[in-house]
1. Checking the condition touching a residue at least 60 places away in the same chain (Cβ under 8 Å), among the charged types (D, E, K, R) and open to solvent by less than 20 Å² (accessible area, probe 1.4 Å), which residue from Arg84, Arg110 passes?
2. Here are some residues: Phe32, Phe71. Which one is open to solvent by less than 10 Å² (accessible area, probe 1.4 Å) and aromatic (Phe, Trp, Tyr)?
3. In segment 1-87, which strands (runs of 3 or more DSSP E) lie fully inside it and hold 2 or more residues that are among the basic types (Lys, Arg)?
4. In this structure, does Ala228 turn out to be among the aliphatic types (A, V, I, L, M), surrounded by 17 or more Cβ atoms within 10 Å (Cβ to Cβ) and modelled with pLDDT of 95 or more?
5. Would you check which residues across segment 199-225 are of a type in the set (A, V, I, L, M) and either surrounded by fewer than 16 Cβ atoms within 10 Å (Cβ to Cβ) or touching a strand residue (DSSP E or B) at 6+ places or on another chain (Cβ under 6 Å) (or both) and list them?
6. Just one of the numbered conditions (1) more than 23 Å from the chain's Cα centre (by Cα); (2) in a loop (DSSP other than H, G, I, E, B); (3) modelled with pLDDT under 95 is not true of Thr157; which one?
7. Got at least one residue in segment 91-104 being part of a loop (DSSP other than H, G, I, E, B), under 12 Å from the mean Cα position of the chain (by Cα) and under 20 Å from Ala161 (Cα atoms)?
Amino acid sequence: MAEIVSLAEAVERAIHDGDAVAMEGFTHLIPFAAGHEVIRQRRRDLTLIRMTPDLIYDQLIGAGCVRKLIFSWGGNPGVGSLHRFRDAVEHSWPAALELEEHSHAGMANRYVAGASGLPFAVLRGYNGTGLETLRAGPDSAPTIKPITCPFTGETLTAVSAIRPDVAVIHAQRADRSGNVQFWGITGVQKEAVLASQRSVVTVEEIVDELDPHPGAVVLPAWTMSYVAHVAGGAHPSYALGYSVRDNDYYVAWDAIARDREAFSGWLAEHVYSGAGQP
């Protein structure tokens with residue numbers, strides 16, 4: 001059952017060096033505050049999983065928290081490249097970064113398989129892409145393999161299930177029992193939580209009772225590990241109904257991330273100090 005704790009306590013209990021961690025949220029509800037707490041607690045050798053790595057993973061990579069990235073697209077939405085990501089890949093700064101690349105559909109289906117307790121998912125989308133030839137490293141096991149349909153004989157693609165050690169998401173609400181409610185663009189947050197051994201959820205508010213909301217997803221308390229009240233925990237992304245996207249932050253990040261010294265100064269001032277603004 002879920003425990004309602006501080007964010008620092010949730011990260012300390014749930015996320016350990018060497019863990020595979022999925023921080024999900026698409027366009028909004030991106031768990032920036034939780035990611036910054038991971039940086040502050042100086043976690044190392046993490047395998048980060050995310051369909052669309054953006055600024056939060058750029059920051060975690062630049063802070064030296066990450067050994068491997070499993071993803072399907074990476075960039076600063078509407079602006080350009082992730083420069084800390086690129087520096088790690090091209091120059092191994094601050095550390096070398098292993099990459100495991102998939103398609104969006106492949107990642108989504110891998111989460112679904114993990115959430116369903118299945119060893120793999122099957123789809124057609126990899127045929128002819130070349131992704132099936134990529135490996136994170138010479139000793140890594142393949143996660144994409146051809147499979148023959150037992151009914152038609154057609155060659156399809158199997159992708160291994162994703163089962164993170166920890167899922168981290170942001171949501172609009174939780175009640176005092178730890179049931180979590182979120183709505184808007186929901187991405188794969190639900191699947192990531194259900195596929196994971198542990199979960200950390202930051203929420204805009206904790207209420208006595210969850211009111212019905214059109215299109216809302218409710219994750220019951222028994223699927224949760226830790227819930228933390230962190231208003232504004234998705235900034236600079238947004239939480240529908242609570243905040244708006246901080247577009248200036250995304251633009252400002254491009255210059256900060258391009259330069260190692262500027263980035264290191266940003267970390268010292270805005271993450272390690274707890275200020276949280278660019």
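The values are calculated or read from the model by the stated rules, or taken from the named source; none is laboratory data. Keep in mind the model is a prediction, meaning the values are calculated, not measured. Methodologically, a virtual Cβ is constructed for each residue, glycine included, from the backbone with ideal geometry; neighbour enumeration extends over all protein chains shown. When the accessible area is computed, the model is the full protein with side chains, heavy atoms only, and any ligands, DNA or RNA have been set aside. Shrake-Rupley method; radii C 1.70, N 1.55, O 1.52, S 1.80 Å.
1. Numbers: Arg110 fails: touching a residue at least 60 places away in the same chain (Cβ under 8 Å).
The unique qualifying residue is Arg84.
2. On the way: Phe71 fails: open to solvent by less than 10 Å² (accessible area, probe 1.4 Å).
Phe32 is the lone residue from the list that is open to solvent by less than 10 Å² (accessible area, probe 1.4 Å) and aromatic (Phe, Trp, Tyr).
3. Values: elements: 20-23, 46-50, 66-71.
Output list reads 66-71.
4. Values: among the aliphatic types (A, V, I, L, M): yes; surrounded by 17 or more Cβ atoms within 10 Å (Cβ to Cβ): yes; modelled with pLDDT of 95 or more: yes.
Taking the combined requirement at face value, the residue satisfies it.
5. Just the residues of segment 199-225 that are of a type in the set (A, V, I, L, M), to begin with: 200-201, 203, 206-207, 210, 216-219, 221, 224.
Of everything in segment 199-225, those that are of a type in the set (A, V, I, L, M) and either surrounded by fewer than 16 Cβ atoms within 10 Å (Cβ to Cβ) or touching a strand residue (DSSP E or B) at 6+ places or on another chain (Cβ under 6 Å) (or both) turn out to be Val200, Val201, Val203, Ile206, Val207, Leu210, Ala216, Val217, Val218, Leu219, Met224.
6. (2)
7. The first filter runs over segment 91-104 and keeps only residues part of a loop (DSSP other than H, G, I, E, B), leaving 92-97, 102-103.
Now drop any that are not under 12 Å from the mean Cα position of the chain (by Cα), which leaves none.
Checked against the condition, which is being part of a loop (DSSP other than H, G, I, E, B), under 12 Å from the mean Cα position of the chain (by Cα) and under 20 Å from Ala161 (Cα atoms), segment 91-104 yields no hits at all.
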